[in-house]
Each structure stands twice: as C-alpha cells, then as structure tokens.
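S.K.: Starting off with a structure, shown below.
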Amino acid sequence: FRSTSHDSEDTELRFVTCQSLWNQIKSETEQIQEDLNKQLLDNLVSFLSRSHSDFQEKTTKWTCRMKFREIPTAALVLGVNVTDHDLTFRGLSDVLQDSITPYVALLEAKDCPGIKNLMQKLMGQLMNCDIEVDSLEDEDCVQVSQNRIRCSMPSLVSWYENVTKKTDSETTSKKRNSSSRHWQSPPVVVIFKDMESFTTKVLQDFIVISSQHIHELPLVLIFGIATSPMIIHRLLPHSVSSLLCIELFQSLSCKEHLSTIIDKLLLTSQFPFKLGEKVLQVLINIFLYHDFSVQNFIKGFQLCIVEHFYSQPLSVLCCHLVDLKKRVYSLSHDQCENIRRLPSFRRYVEKQESGKQIALLTNDNFLKEETEKLLEDLHVYHENYVSILRCLHVFTSSLPKYPLGKQIRELHCACLENQVWETQEYESSLQLARMLNKTDLVSMLQQCVEILMSSSGKEFDKTVEKLKEFLTQFQNLEAEASQERDVSVSSQKELQKKTDLYHLQKTLLELKESRRSKKLTKFEMLRFEVVDYIDTLVRKYLVPADTRTLHEVVYFNAATVLRGHLNAAPRTALHTALNNPHWYLKNQALKCDGGGISNKAPDICIVYKLHLECGRLINLVDWLEAFSTVVMAGEEPNADAASSDQVDDIIHARFIRAVSELELLGFIKPSKQKTDHVARLTWGGC
C-alpha cells in the first residue's frame, strides 16, 4: 500500500483500516460459502457413509455390487463457474480427511494424459510422497520411504491392506483411551475435478481396472461436472458406465450464490464500505457475461476496497461508529479542506444559512462537529435503507413478470441509480400490487413486520404499529364479510317474498344503480391504503445514496478505474510499454519528449519505435542501420578496428534478439516476397 499523490499523513492508518475491513469481509465470505456448501457436503458424506457401510459389513447389497463389479460414484454437478470449483473440492477434501478417511486423491486432467500418469498421481497422493513431473514419463514407480512401489492396482490394494491392518492394531491398543476420528477400513476417495477434460480412454481404463478390484478396495469415485450429467454417458460406453453405481448431486446455482454474497456483504450495516451503482453493475456484468465466478466477484470487491482507500484521502473516516468520533476530531487542516472540496458537502453548504456557511468554511472545529453528525446520519440512512429495501423486495418479488427484477440485487441497483419511484417499472409494480389478493397481501405485511422488528433502525416503531393495524383491519374484514353474506342472503329472500310489482321494480333499479356506480369495497380501499403507505416509505427511505452528504467517504464510485483494472486491454498495455517504457519502469533516463528515441531504452523498445515508422514491408538492413545509429548515439567513436567490429557484432546480436521478440509478440512475420524483408502485422494507434 503506497502513499498517494495527495501526500496524506494518515497513509498508515488508512492501510490498517483497509486491511482490517478486508479481513472482516474475508472471514464473513468464507463463513457464507461454508454455510452454502454445507448441505452439499453433508449429502456427499451421507453417500459415502452408505457406500462404506455396505463394504464394511459385507451386506447382501455389497455382495450384489461385487457381483456386478459396480463402483459407488457421485456425480457432482457444480456448474460452469470452473474457477470456483477449487474452493468446493478443497472444502470437500478437508471434510473427508477430518472425519471419514485420510485417503483422498484430487486428480486433474492436465496431470493425467495417460493411465500410467493417473496411477502415479493417485498412488503418490494416497501415500503422501512427492513425484517429480519429469519422472512420470519415464518410470511407472513411486518412491515410498526407501522402497519403490510399482504403480498398479494390485500394488494399491496390497498397500491399502497393510495400512489398514496397521491402523486397526493401533486403534485396538488405544481403544480404551481414545476413539479414532476416521472410520474403520476407511474408503479410498478419488475425485476427478474436471471430468469433461479427461480423455475417454483414461477414464475407461481406470474404471475397468478398478472394478476388478472393488471386492478388495473400498473405492469411491467423485466426478466434478461443469456441464450436464449426460457427459458421463457421452464419454463412457454402456459397458463401462454400467460398472458405476451413480448418484447425482447438484450444487447451489452460482447466481443464487452471488445473490447471497451481495445480500450479506453489501445490504448490511455491518460493514461501512459501500459500492456505488455503476461499480456494482460492472462487477455484476463481468459475472453474468464472462465467467459466472463468485470468487472473481469477491476479488473485484477486494480491488474496490483497496482502490478506495488508496485514492480517497478521507477514507480514513470509512470506519465503524465506535471509532468515528476519535478519527473525526484527529483530522488535520488539510483533511478538513478535503472535506470542503467534496461535491456533496458543497451542495450541503449552499443550502445552509449564511452564518453557518461561514462557520463550515472557516472553522475547523465546527466542521468536525458537523462532519460527525453527517456521518452518523449516513450510517442511520444505511440501516433504514436496507430494511425498507427488503420490505419492497417482499412485494416486488412476488409480482408477475418482475418489473423491478426478481433478485434483491436488481432492486438495489435500481434504487442506487436514481429515484426509483419515478421509473416506469416502479409504477407498473404499484399497479400490480393494487391487484393482489388478501392472502398474499397479509403474508407480505407479516414478512415486513418481521423485517422491521429485526432491524437495528430506531425509526420503525410507528411503522410496525401501522402495519400491525393493517393486519388487524384485514382480520376484521373477514368477520364483516361473513355478516354481509348473511345480509345479502336475507335480502334476496325478502326480494323473493315481494309480490308487489312497484316495489319489485324499485328494488331492482336500486341494485342496478349500485352495480353501475362500482363503488370500491372495503377490502379494495384497504388494499389501496396499504400500497400507498409502502409507497410513502419508499419515497422517504430509498433515496439514492449520491444525494446524501459525504457519501464519497464510504462509497466507491470510480467505475472507469475498476473497468480498466478488470477488463484487460493487452494490446494497449503492450503498446504503452514498448512505446513509452518510462510509464512502467519509472526511470527518468527513459523519458523522451517529442517522440524521440532514447538509446537507454531496452532494445525491443527501440526496434518497436523504429518499426512504427516503416510501411508494410521492412528492410532488415535499413532497420539494423537505424537501430545501430540510435544505440551508438552519444558514444565516442572507437578508432580500433578490431574492437569496432566486435561492437558491431554485439549490436547485430542485440538487434536479432529484439526482432525475434517482436516476431514472438506478433508484430512482424517473415516475408515470402523478399527474403531480406519482414512484413508488418499491426496498424493504427492504441
């Protein structure tokens, strides 16, 4: 963490705050992911338990399985977010090794091009021995202690029997004092992390060989699948897939995973740091249109935190309320001036009376008092915002066609972008909410009451009372409705009794007039009242964050900077590095003005800038002469012919290497038209 261009004296405090905040968020994220994967891991452990108990007890089920040589197999569908799979498999491996079996092997397709390599990797991981990558191609043995063991299934079976016998004897001797955390005769779990990437022959050979030893070795396979379970039948013929007893497991959708992460990290007052609407939209778009990776989203979130504390001098105030007062009153005069320069604070000052304006602009102590109040108000705004946002989401998520989106993150982005009540989608949502039936409306009101009662906001006591009053009125409507039904039945009976034509016509005309007027029922009036009350809460509490004073302290809004970091532009970066090496190397000797070429620059930079001045075909002789002229510029001519020739050879060698590097980067290629020329491949500026 470097000091910024603002030369702020609180760099160290900002670094500590940034580090502390990220550690809290990282811990919370890991806990969230652990909770989300818990159900999946529990199901897998239960599957292993059933498979292992059949083997251990030698039941009829396992005897049948031995007869058909079936291998217990878990097909684990994880989705296309491949970059997140490592975390899931690491968690699964830790759970298995902690409580079930120490014999877990994680295999990747890149390490297993053949069955020999697969067996070497498998036995190497199970026996806890390191295997050199180079040795995998030449030998089919692994080194265990001082013995060499041949990598084959019979060797693995023999090793397993020896290890389990030794473990059983140790467990028996210590049984009175302690109990083993692993099962007796623990299974051997082989995890194929990326099943689609394995070659068909490798999988077939391994499954066929393993099935022949399933009565001796409690082998369990776990296939990591990114696409569809049908890939098993596409990769394996029926004769091989019939050797597997497959059970399907489905992980949580990556979109649901992301929604949970956003809900727990952003829609909470636990963390003072917030993301602006455009920044959040950049991260979500990268997730939806690039990789579906939750881990990359979290890395992007981490980058936002670092960038905010790096570039914003007032980020030292982005802290919890406990530390706020101390930090505000320790602000220097320069930091007070930074506050006065904030656009949101300027708008706030313009709305004040002249006396207060002068005090805010000239008196640092008064400014600090006002800053503390404004930041506390901002914290209260966040608490109220989150609670009302959840209440609004209860209504909008149950509407048909989801005008404001089904997920709460979509509603959050809409509220951050502008005044949500002015959008067409919000108006459509209100119209649909005014047509909800009583059951749905009562259920939504009850959920809102629970949300507001669990909220840390202190302004919702009257709101909760009002919502409870609505619920009471809905209950009273049921009693009134039953009475009205009784009255209508009795009136119809009276109507039937009336035989006088005059009174009968009069009664029928009154009924016709009442139907024509279409007066709202009590339920419809109450429903309108509920929706209007929710609308007033939205207009009061869901104002956009950029309208709040000092929002720049806690909100990161530099979407362009974030997009520059995350959306790679390799051609632009390469052109900048070669055309202006000072940009990256920060060496003053390399700085050139007016498009000149410094002889201190790296050879490839000199060659690159010279090639920009050429046409489609570049003469290598002319290019070499120009390169030699630039390199020798500023050096004294050497009178010694022998040493001069030696220098020419060195320059020639440097030129050849630089040209080869340019060819490797794709800027030039050999020309078939002229042997002493090369063709230029890139055109235009960056």
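S.K.: Along each of its three principal axes, how wide is the spread of alpha-carbon positions in segment 274-365, in whole angstrom units, largest first?
M.R.: Per principal axis, max minus min of the Cα coordinates gives 55, 27, 21 Å.
S.K.: My understanding is that a pair violates if its Cα-Cα distance is over 19 Å; which of K110/K255; K278/K325; K26/K325; K26/K264; K401/K522; K325/K373 do that in this structure?
M.R.: Numbers: K110/K255 28 Å; K278/K325 30 Å; K26/K325 26 Å; K26/K264 12 Å; K401/K522 28 Å; K325/K373 10 Å.
Check vs 19 Å cut-off fails for K110/K255; K278/K325; K26/K325; K401/K522.
S.K.: On the full set of protein chains, 1.4 Å probe, figure out the accessible area of I298 and give it in Å² to the nearest 10.
M.R.: 20
S.K.: If you count, for each residue, the other Cβ atoms within 10 Å and average over each peptide, how do 620-631, 190-201 line up from highest to lowest? Walk me through the numbers on the way to the answer.
M.R.: Details: 620-631: 16.6, 190-201: 18.6.
Top of the packing list down: 190-201, 620-631.
S.K.: Further question on the same structure: Order 404-416, 276-288 from most to least packed using the mean count of other Cβ atoms within 10 Å. Intermediate values should be presented prior to the final figure.
M.R.: Values: 404-416: 20.9, 276-288: 19.2.
So the peptides 404-416, 276-288, ranked by packing, come out 404-416, 276-288.
S.K.: On a 1.4 Å probe surface of the protein chains, which of D645, D291 comes out largest in accessible area, and what is the full order? Walk me through the intermediate numbers first.
M.R.: On the way: D645 90, D291 45 Å².
Final ranking, largest accessible area leading: D645, D291.
S.K.: Also, quick follow-up: Treat every Asp and Glu Cβ in segment 303-356 as -1 and every Lys and Arg Cβ as +1, leave all other atoms uncharged, and give the resulting dipole magnitude about the Cα centre to the nearest 20 debye. Don't skip to the answer; put the middle values down first.
M.R.: Values: 9 positive and 6 negative charges, 41 e Å.
Dipole magnitude for segment 303-356 comes out near 200 debye.
S.K.: Taking each pair of different alpha-carbon atoms in segment 531-576 once, compute 1/r for the pair, average those values, and report the inverse of that mean as the Kirkwood hydrodynamic radius in Å to one decimal.
M.R.: 14.2
S.K.: Suppose accessible area is computed on protein heavy atoms with a 1.4 Å probe; arrange H582, H611, H238 from highest to lowest. Kindly include the intermediate steps, with their values, before the conclusion.
M.R.: On the way: H582 30, H611 0, H238 145 Å².
The most accessible residue leads, giving H238, H582, H611.
S.K.: Given the options T560, Y584, T547, identify the residue whose Cα lies farthest towards the positive end of the charge dipole of segment 543-610 (+1 on Cβ of Lys, Arg; -1 on Cβ of Asp, Glu).
M.R.: Value: Y584.
S.K.: Okay, moving on. Can you pull the accessible area of K669 for me, 1.4 Å probe, Å² to the nearest 10?
M.R.: 100
S.K.: Now a separate question. About the Cα centre, and with charges only on the beta carbon of Lys, Arg (+1) and Asp, Glu (-1), how big is the dipole of segment 189-342? Nearest 20 debye, please.
M.R.: Working: 13 positive and 13 negative charges, 133 e Å.
Approximately 640 debye in magnitude.
S.K.: May I ask for log10 I(q)/I(0) of segment 553-603 at q = 0.26, 0.27, 0.28 Å⁻¹, from a Debye sum over the Cα atoms as equal point scatterers with solvent left out?
M.R.: For the requested q values the scattering log ratios are -0.97, -1.01, -1.05.
S.K.: Compare R347, R327 by solvent-accessible area with a 1.4 Å probe and give them largest first, with all protein chains kept in place. The partial results should precede the final answer.
M.R.: Working: R347 105, R327 40 Å².
The ranking, largest first, comes out as R347, R327.
S.K.: Apply the Karplus curve 6.51 cos²θ - 1.76 cosθ + 1.60, θ = phi - 60°, to the phi angles in segment 569-579 and return the couplings in whole Hz, x for Gly and Pro.
M.R.: Those phi angles translate into 10, x, 5, 5, 5, 5, 4, 5, 5, 7, 7 Hz.
The values are calculated or read from the model by the stated rules, or taken from the named source; none is laboratory data. The shown structure was predicted, so the numbers you read here are calculated from the model rather than taken from an experiment. As a convention, Cβ positions derive from the backbone with ideal geometry for all residues, glycine included, and neighbour counts pool all protein chains shown. Note: accessible area is taken over every heavy atom of the protein model, side chains too, but ligands, DNA and RNA are not part of it. Shrake-Rupley method; radii C 1.70, N 1.55, O 1.52, S 1.80 Å.
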